[in-house]
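The values are calculated or read from the model by the stated rules, or taken from the named source; none is laboratory data. The model shown is predicted, which means the values in this text are computed figures rather than measured ones. No Cβ is skipped: glycine too gets one built from the backbone with ideal geometry, and neighbour counts run over all protein chains shown.
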Amino acid sequence: MKTATELAIRPNVFDVKAARGRCKRYRRRILDVSQNVSALHIGGAFSCIEIVDCIYNEFMRPGRAGGKSPDTFLMSKGHGCMIQYVILEDLGILGKADLDAYCTPHGRLGAHPDYGNPGIEASTGALGHGLSMVVGMALAERGRGTDGVIYTVLSDGEVQEGSTWEAILMASSLKLPKIVAFVDNNDFQSLGRTSETHPSFYPLAEKFRAFGWETTEIDGHDPQAIYNAVTARSGTKPFMVVARTTKGKGVSYMENAPIWHYRSPNKGEYAKAIAELETQG
Amino acid sequence: MRNTFAEALYDEATKNPDIYIVVSDISPAGSMAKFSTQYPDRFINVGVAEQSMIGICAGLALKGCQPFAYTIATFTLYRPFEMVRDDLCYQNLPVTVVGMGAGVIYSTLGGTHHTQEDIAIAGAIPNMQIIAPCDPFECTDATRWCAKQKNGPVYLRIGKAGEPVLTKDAEPWQFGKIRYLRRGSDVCVLSYGVITKMAAAIADRLQAQGKSVSLISVHTVKPLDREGIVEALKRHKHVIVIEEHAPQGGLAPQTKQIAWDIKATCRLDTFTLQDSFIHNYGSYEDLLAAHGLAPERILAAVA
């Protein structure tokens, strides 16, 4: 989240270079954390880094007097929470000690976000739960006239859950335009490419549109495209961004390789990944 | 009971703008119509979509609201079970999940509409509280309590319509405490929920036989008032549990467990639904009888 002063100095200006720089730093930090644990959901975190970065660092408005943002981010694809943790650390909401103790007996952060931890708005991990909670949150905001925007990121896998479609139906039926959702459409789930295992899953954006959502499709690794899509939405309907992404994005040997859904790189792989990131702009 | 629930909830909602009711295409008629007309933004009908009913309640509660989910008991607890467990119980949110028409009240609709293992299922989840009022008055007290409590989730198991008043002269209702509807010294009948009507009839018959009988509404099934049950087991020669629930996981086995723990010396008889799906149709009483819950049979067994 930007401070009020920063926003006042550079209103409505999107610094794509800064966004790319942050995302590179976040990838590196996740790789660092990976060296402390045998497993973390690295592939699914890397596929939504640019999206989650934009949400926290560009879209969510700063709170008054350094307080909580009036907007909310709920990580529906809970297994991607590593990116949430490193951004919360970057924003000073979580501490370095928290990330250093990730998945250890003396830490409080696990491989899925846990409600009650700083900056974590809901416990997710079981798929297909997030969007209904988002609908409830948006209803509460409307009921109180506070009008905070509720941002969420769904995995493409969890869009297969019937419960997600119940929420899709309700968000538009209840006319909740303050919902901004992303599908991290990396086309991978545990047993293979979604386009091969479930060809009828696509086309996706049309399905949301048919359910009364405003939708758009973008490259989910292009910060400028993410920024443009969200800022150009009409604001009259719930908004779904179908973001084409690559699982494991940023480290060539991790890209589209299902093993990196959960595995941690060994020392050699880690060094290779870091070296590769350094060469990127 | 569902009407008094709706009446009490409407009343609480007029006082608290954070009270919402999220229903799944089922609504207590009458008073709830008043709620939906008066507060259309706080009456949400998700349609036949129980998973989102629970998830939406969780989202409301995460933002500080006090939501109620409402539909027929099987659909409020079984269909969206993982949402109840993860969204409500794991996050420990003050959401009341109302299971209407629990037990075998839907006596002509078949096994898909019978709720005979709900106490075991809801009771097994950490943080879940369970209240099963025995009559419309108790339903009002429980509903008002649910509208204000911030402990965490509640499964509120209620009947349908036409339950008689059993608590007119009873001591005040208190969450987590068993409630004596009458006090005696020989026999103690423990029950909860709609079947307490049958328990009261049995208590009457035992009294007519010259026995001094206590009748207790164990309306809060979780957390169970262990101290109260211990006292009842110690103070009476004969304790009878009558429960509209499967033999596992309900009040009957818990009472037996407490009795074993304290080495109770009283006689203890328990009567529950059978551990089986029955394919019978008829009145509510017919269905209970098909499960073995009939006053004459119980009286013969406790003689």
Inset, instruction - Look at B:Glu7 and say whether it is touching a helix residue (DSSP H, G or I) at 6+ places or on another chain (Cβ under 6 Å) and away from chain A (no Cβ under 11 Å). - result: yes
Inset, instruction - Only helices (runs of 4 or more DSSP H) wholly contained in region A:170-281 count here; list those with 1 or more residues that are surrounded by 22 or more Cβ atoms within 10 Å (Cβ to Cβ). - result: A:205-210, A:223-231, A:267-279
Inset, instruction - Return a yes/no flag: does region B:230-244 have any residue that is over 23 Å from B:Ala201 (Cβ atoms) and touching a residue at least 60 places away in the same chain (Cβ under 8 Å). - result: no
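Please verify whether B:Ala232 is more than 25 Å from B:Gln129 (Cβ to Cβ), of a type in the set (Gly, Ala, Ser) and outside any loop (DSSP other than H, G, I, E, B), treating the condition exactly as stated.
Numbers: more than 25 Å from B:Gln129 (Cβ to Cβ): no; of a type in the set (Gly, Ala, Ser): yes; outside any loop (DSSP other than H, G, I, E, B): yes.
So B:Ala232 fails the test.
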Inset, instruction - Determine if region A:142-154 includes at least one residue that is in contact with a helix residue (DSSP H, G or I) (Cβ under 8 Å, 6 or more places away or on another chain), within 12 Å of chain B (Cβ to nearest Cβ) and in a helix (DSSP H, G or I). - result: yes
Inset, instruction - Name every residue in region A:115-141 that is part of a loop (DSSP other than H, G, I, E, B) and either within 16 Å of B:Val84 (Cα to Cα) or facing another protein chain (nearest Cβ under 7 Å) (or both), in order of residue number. - result: A:Glu121, A:Ala122, A:Ser123, A:Thr124, A:Gly125, A:Ala126, A:Leu127, A:Gly128, A:His129
Inset, instruction - Could you tell me whether region B:34-45 includes any residue that is closer than 23 Å to B:Thr74 by Cα, in a helix (DSSP H, G or I), among the β-branched types (Val, Ile, Thr) and within 12 Å of chain A (Cβ to nearest Cβ)? - result: no
Legend entry - Subset of region B:79-93 (residues that are more than 10 Å from chain A (Cβ to nearest Cβ), assigned to a helix (DSSP H, G or I) and not aromatic (Phe, Trp, Tyr)): B:Val84, B:Leu88, B:Cys89
Legend entry - From the options B:Leu190, B:Leu181, B:Leu109, residue that is part of a loop (DSSP other than H, G, I, E, B) and farther than 30 Å from A:Pro113 by Cβ: B:Leu109
Legend entry - Residue in region A:91-98 that is surrounded by 24 or more Cβ atoms within 10 Å (Cβ to Cβ), away from every other protein chain (no Cβ under 14 Å) and either under 24 Å from A:Thr245 (Cβ atoms) or touching a residue at least 24 places away in the same chain (Cβ under 8 Å) (or both) present: no
Inset, instruction - Taking B:Tyr70 as the residue in question, decide whether it is modelled with pLDDT of 95 or more, facing chain A (nearest Cβ under 8 Å), in contact with a helix residue (DSSP H, G or I) (Cβ under 9 Å, 6 or more places away or on another chain) and assigned to a strand (DSSP E or B). - result: no
Inset, instruction - Give the residue, chosen from B:Thr108, B:Thr76, that is more than 14 Å from chain A (Cβ to nearest Cβ), closer than 22 Å to A:Ala140 by Cβ and either surrounded by fewer than 24 Cβ atoms within 10 Å (Cβ to Cβ) or in contact (Cβ under 8 Å) with a residue 12 or more places away in the chain (or both). - result: B:Thr76
